[in-house]
Every structure is written in structure tokens, then in C-alpha cells.
Amino acid sequence: MIAFYSTASGNTARFIARLGVPAVRLAEPPVRPFVLVTPTYADGEGRGAVPKPVIRFLNDPANRTLIRGVIAGGNRNFGEFFARAGDVIAMKCGVPLLYRFELSGTDEDVARVRSGLERFWTRQLSPAQ
Ligand SMILES: Cc1cc2nc3c(=O)[nH]c(=O)nc-3n(C[C@H](O)[C@H](O)[C@H](O)COP(=O)(O)O)c2cc1C
């Protein structure tokens, strides 16, 4: 399952729609382990990369215990701060940064995330293999 945040520009929401996997917006608390998908909104120096609604969501221990990985969106124009929200969340929550994509992603991003998530959840459910 995916929990995601997207703003009015809707890039992340379009990426999620193309993935075609079960997904909820952050407003609905997830009931099972999820991968978080979020865009990056930093100032010019990388500060504030994680959107405030995502911070509020992750401040709730009930949500934080269920996060298993993060996928971050961004724009390569931001250079070293591309998709920085993913690095910050991975570090703070101790989960892997699974993927980074630009804007609403390419067809290749969609295909790679779909198959990557399948492998990821298979491993999560049977870690011995
Ligand atoms: C004010 C502002 C700051 C941004 N900062 C970053 C940034 O630091 N790094 C990055 O990779 N993308 C940055 N972006 C690009 C957004 O992450 C990108 O447009 C994303 O696709 C937006 O997703 P959404 O439409 O779902 O909100 C920024 C965009 C805006 C408008």
C-alpha cells in the first residue's frame, strides 16, 4: 500500500494514478504498512524539504510505526536538492529511500516502481527468503 501527499499542482497524484496500486492520501490514516510517496518543497538551500502536512503525519506515532519505505518526487532543476525530502524521511524514520522521480514520472519510472514495489513487499512479507 502507498500513502501519498500531493499539492494543487498534482504531479505526485498523477504518478500514483499511473502506478495503479492501492493508495491513500495522507488525510486518511493508513491501516497497514505503507510506502510513503511525497514531493519535495525546499527553499533554495534545501531547508523545509519535507512538506508540512507530511511532517504532521509522520509526527503521529501510529503512522510512523507503519512506514516501511519512502519514494520522493522533485525536479532536477533543484540540483543537489533533487527529491531531498526522501533523504530526510529515510534518515529520520530509519527506512530505505526506494526511488526518486521527477514531476509526475516517466513511463519508465512507473514500470520500475511497480515492479520494485512488488519485490519490496514480497521481501517484507517473507524476510527469510
Ligand atoms: C516552491 C517549490 C520548491 C520546490 N523545491 C524543490 C526541491 O528542493 N527539490 C526538488 O527536487 N523539487 C522541488 N520542487 C519541485 C516539486 O517537488 C515538484 O514540482 C513536484 O512534482 C510537485 O509535486 P506535487 O504537484 O504533487 O505537489 C519545488 C517546487 C516548488 C513549487
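The values are calculated or read from the model by the stated rules, or taken from the named source; none is laboratory data. The structure presented is a predicted model; accordingly, all values stated were derived computationally and were not measured. Using ideal geometry, Cβ is built from the backbone for each residue, glycine included, and neighbour counts are taken over all protein chains shown. Areas reflect the complete protein model, heavy atoms only, side chains present, ligands, DNA and RNA absent. Shrake-Rupley method; radii C 1.70, N 1.55, O 1.52, S 1.80 Å.
Looking across the stretch 57-82 at every residue that is closer than 24 Å to R32 by Cβ and small (G, A, S), the one that is nearest to the chain's Cα centre (by Cα) is identified as A72.
From the list G10, G74, which residue is modelled with pLDDT of 95 or more, loosely packed, with under 14 Cβ neighbours inside 10 Å and near the ligand (Cβ under 8 Å from one of its atoms)? Show your work before the answer.
Numbers: G74 fails: loosely packed, with under 14 Cβ neighbours inside 10 Å.
Result: G10 is the single residue among G10, G74 that is modelled with pLDDT of 95 or more, loosely packed, with under 14 Cβ neighbours inside 10 Å and near the ligand (Cβ under 8 Å from one of its atoms).
If you take the residues of the stretch 17-40 that are among the β-branched types (V, I, T) and open to solvent by less than 10 Å² (accessible area, probe 1.4 Å), which of them is farthest from the ligand (Cβ to nearest atom)?
V35
Being over 16 Å from F4 (Cα atoms) and more than 16 Å from the chain's Cα centre (by Cα), is that true of even one residue in the stretch 83-96? Looking for residues that are over 16 Å from F4 (Cα atoms) and more than 16 Å from the chain's Cα centre (by Cα), one finds none in the stretch 83-96, hence no. Counting the residues of the stretch 77-121 that are open to solvent by less than 40 Å² (accessible area, probe 1.4 Å) and among the acidic types (D, E) gives 1. The residue pairs whose first member lies in the stretch 80-99 and is under 16 Å from R56 (Cα atoms), whose second member is within 13 Å of the ligand (Cβ to nearest atom) and part of a helix (DSSP H, G or I), and whose beta carbons are closer than 9 Å, counting only pairs six or more residues apart or on different chains, are A85/V54; I89/V54. Note on the stretch 41-66: among residues that are open to solvent by 30 Å² or more (accessible area, probe 1.4 Å) and among the polar types (S, T, N, Q), the one that is nearest to the ligand (Cβ to nearest atom) is N59.
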